[in-house]
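Report on the structure given below.
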Amino acid sequence: MEKKELIYEGKGKKLFATGDSALLIAEFKDDLTAFNAQKKSQEKGKGALNAAISAKLFELLERNGVATHLIKRLDETDHLIKKTRIIPIEVVVRNIATGSLTKRLGIAEGTKLPFTLVEFYYKNDDLGDPLLNDEHALLMNLANEKELTALKRLARKINDILLPFFESVRLKLVDFKVEFGRDEKGAILLADEISPDSCRFWDALSGEKLDKDRFRQDLGGVKVAYEEVLKRVQEALR
Ligand code: TMP
Ligand code: ASP
């Protein structure tokens with residue numbers, strides 16, 4: 001598939017047109033950003049690691065009945081994807097309290113939540129991706145009521161598939177963020193990526209962080225951690 005003009009560049013990926021107006025190529029970048037890009041760096045090979053991890057996870061989800069935008073991984077860094085209109089809601093799923101949840105509500109770090117929490121954030125860099133409730137999302141026309149229900153159901157379904165999967169490779173899926181898009185018929189597809197940039201993974205035995213918190217918190221060893229996640233994902237999904 002021919003890579004044509006750049007049509008969008010985000011913090012983690014570039015999107016290119018292809019010869020088919022229904023398809024795009026997503027190129028995973030080596031850039032690392034945190035805190036709404038106030039902190040920036042680069043890690044050579046990070047894009048390829050995320051492209052590999054995310055492709056495997058999208059394939060796993062697709063096999064388990066979650067419709068995704070992924071057609072196939074084309075090479076090290078590139079995914080061929082269906083074009084969608086991204087719903088500007090970041091859907092965060094939490095199993096264990098950490099990050100902004102502990103900061104906002106004072107829940108102790110590491111607390112196992114009594115049930116899986118699904119939250120919506122408004123995908124808007126200028127506003128710093130603020131937390132949204134359903135009425136905010138409806139008020140702003142980000143999605144309709146049926147779609148909000150679908151987003152929550154899909155987020156829980158993804159968690160129900162990924163939680164035991166990661167447990168089988170000795171990783172705790174602490175929390176993660178997913179994004180969805182609408183195809184030309186209005187069907188909702190899982191879009192964007194699922195990678196150590198968008199999830200928190202803690203080693204089940206040592207508790208070691210194997211995700212972007214290594215960058216956010218200056219822990220070092222970012223690439224080694226992402227390589228370890230890929231190794232474990234491949235261990236389970238050959
Ligand atoms: P938070 O605790 O900082 O709100 O993050 C929750 C989850 O969402 C965590 O797995 C990291 C992920 N995340 C993103 O993928 N992008 C973002 O912009 C933020 C803030 C979090
Ligand atoms: N993704 C956001 C950024 O790149 C925030 C984060 O992941 O911490 O700035």
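General observations
- Backbone geometry of region 218-223 corresponds, through the Karplus equation with coefficients 6.51, -1.76 and 1.60 at θ = phi - 60°, to 3J(HN,Hα) couplings of 6, 8, x, x, 4, 5 Hz, x marking Gly and Pro.
- Phi angles of region 60-70 translate, via the Karplus equation with coefficients 6.51, -1.76, 1.60 and θ = phi - 60°, into HN-Hα couplings of 4, 5, 4, 4, 9, x, 9, 6, 10, 7, 6 Hz per residue; Gly and Pro are given as x.
- Derived scalar couplings between HN and Hα for region 104-115 equal 6, 10, x, 5, 5, 3, x, 5, 6, 6, x, 8 Hz in order, rounded to whole Hz, by the Karplus curve 6.51 cos²θ - 1.76 cosθ + 1.60 (θ = phi - 60°), x for Gly and Pro.
- Above-threshold pairs, the threshold being 21 Å between Cα atoms, out of LYS123/LYS185; LYS39/LYS223; LYS13/LYS82; LYS72/LYS123: LYS123/LYS185; LYS72/LYS123
- Exposure proxy ranking for VAL92, VAL169, based on other Cβ atoms within 10 angstrom of each Cβ and starting from the fewest, stands as VAL169, VAL92.
- Placed amide H near LEU113: partners under 5 Å, 5+ positions off or other chain: ILE96, ALA97
- Qualifying GluC sites (Glu not before Pro) for region 85-160 [loop in DSSP, other Cβ within 10 Å: at most 16]: GLU109
- Backbone amide hydrogens, once placed in the peptide plane, bring THR68 within less than 5 Å of LEU190, excluding anything fewer than 5 places away on its chain.
Where a number appears in this text, it was derived from the coordinates with a stated rule and is not lab data. None of these values were measured; they are calculated from a predicted model. Cβ sites come from the backbone with ideal geometry, for glycine too, and all protein chains shown count toward neighbours.
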